[in-house]
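Chemist: Following this message is one structure expressed as structure tokens.
The values are calculated or read from the model by the stated rules, or taken from the named source; none is laboratory data. These numbers were taken from a predicted model, which means no experiment stands behind them. Cβ coordinates were reconstructed from backbone atoms using ideal geometry, including for glycine residues, and neighbour counts include every protein chain displayed. Accessible surface areas use protein heavy atoms only, side chains included; no ligands, DNA or RNA. Shrake-Rupley method; radii C 1.70, N 1.55, O 1.52, S 1.80 Å.
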Amino acid sequence: MKIFDAHCDVLGKLWKEPERDFYKEDDFLQAGFPALAKGNMDIQVLACFVPVHVPYGRRFHTILEMIDIFYEKVASEQFRPIYTMADLDERVLKGEKGAILFVEGAHALEESLVQLRTWYRLGVRGMTLTWNHGKCVADGSGEPNPGGLTAFGRQVIEEMNRLGMVIDVSHLADPGFWDVMDLSSAAAYSQLLEALLRHYKEAEVLKFVQGNWLRVFGNVLQ
């Protein structure tokens with residue numbers, strides 16, 4: 001059985017404490033290489049998350065720092081970056097471990113599609129649209145009286161579709177989730193059934209998933 005984990009925060013931990021070693025046993029990292037090997041993890045998504053205390057104007061650069069940590073301290077012959085479906089197939093077929101870079105939270109875009117395209121060129125292949133209290137592209141699940149996608153949020157979805165990036169709707173409030181489902185021509189993923197079952201009847205969830213299976217769970221990477 002192949003194990004694919006869709007989120008870990010090890011890059012943020014290495015950013016906070018750069019003296020840590022991804023390839024040594026370390027309970028603080030939680031998802032360092034020894035832990036991934038012990039857990040038989042095959043493919044791991046590594047999230048770049050900018051903490052809320054980082055001011056506007058420094059968020060994009062913080063993501064660049066985390067991407068740099070990935071290439072300098074994490075990526076290796078043992079744990080290779082995955083950019084395309086061909087890369088993913090090769091890692092899985094050979095029984096090797098692979099890593100996919102994500103950004104968690106579009107607040108780090110600082111309202112610039114140039115930044116999104118730059119991340120993509122540096123190897124980022126997906127983004128969580130918001131966090132619990134995000135408002136850049138849409139309201140997060142922790143916002144009172146949440147709305148759907150903003151005008152900029154719609155531009156972000158369209159650009160992610162064009163680039164072939166995975167759209168992660170975890171933490172997104174319900175109105176934004178349904179906006180993404182209506183707008184996106186590519187796959188969006190989250191802990192989908194768990195999230196939907198909290199709000200909708202089981203029959204409604206099954207009908208939605210059956211009607212959108214390829215869009216929700218289909219291949220996005222080119």
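Chemist: Hey, could you check the range 88-111 for residues that are in contact (Cβ under 8 Å) with a residue 12 or more places away in the chain and farther than 17 Å from A47 by Cα and say which is least open to solvent (accessible area, probe 1.4 Å)? Quick ask: steps written out before the conclusion?
Modeler: First pass over the range 88-111, keeping only residues in contact (Cβ under 8 Å) with a residue 12 or more places away in the chain: 88, 91-92, 95-111.
Of the ones still in play, those that are also farther than 17 Å from A47 by Cα are 88, 91-92, 95-96, 110-111.
Values: L88: 31, R91: 8, V92: 48, G95: 47, E96: 58, E110: 25, E111: 125 Å².
Only one residue fits best here, namely R91.
Chemist: Being of a type outside the set (D, E, K, R), within 28 Å of E158 (Cβ to Cβ) and assigned to a strand (DSSP E or B) is the requirement here; does I67 meet it?
Modeler: no
Chemist: Residues that are of a type in the set (S, T, N, Q) and at pLDDT below 85: which helices (runs of 4 or more DSSP H) entirely in the range 106-222 hold 1 or more of them? Walk me through how you get there before you give the answer.
Modeler: Numbers: elements: 113-121, 151-163, 174-183, 192-197, 202-217.
Output list reads 202-217.
Chemist: Residue pairs, Cβ under 8 Å, 6 or more apart or interchain, first in the range 62-74 and under 14 Å from P51 (Cα atoms), second aromatic (F, W, Y) and modelled with pLDDT of 95 or more. List them.
Modeler: T62/W15; I63/W119; E65/W15; M66/W15
Chemist: Tally up the residues in the range 114-132 that are in contact (Cβ under 8 Å) with a residue 40 or more places away in the chain and open to solvent by 60 Å² or more (accessible area, probe 1.4 Å), please.
Modeler: 3
Chemist: Ok, one more. Please count how many residues of the range 89-129 are over 16 Å from the mean Cα position of the chain (by Cα) and among the hydrophobic types (A, V, I, L, M, F, W, C).
Modeler: Of the residues in that region, 4 qualify.
Chemist: Can you tell me which residue within the range 143-163, out of those that are small (G, A, S) and surrounded by 18 or more Cβ atoms within 10 Å (Cβ to Cβ), is nearest to A86 (Cα to Cα)? Steps first, answer last, please.
Modeler: Initial filter on the range 143-163 (small (G, A, S)): 147-148, 151, 153.
Now restrict to residues that are surrounded by 18 or more Cβ atoms within 10 Å (Cβ to Cβ): 148, 153.
Numbers: G148: 34, G153: 29 Å.
Taking the candidates together, the pick is G153.
Chemist: When you scan the range 1-58, how many residues do you find that are open to solvent by 80 Å² or more (accessible area, probe 1.4 Å) and outside any loop (DSSP other than H, G, I, E, B)?
Modeler: Number satisfying all stated conditions: 3.
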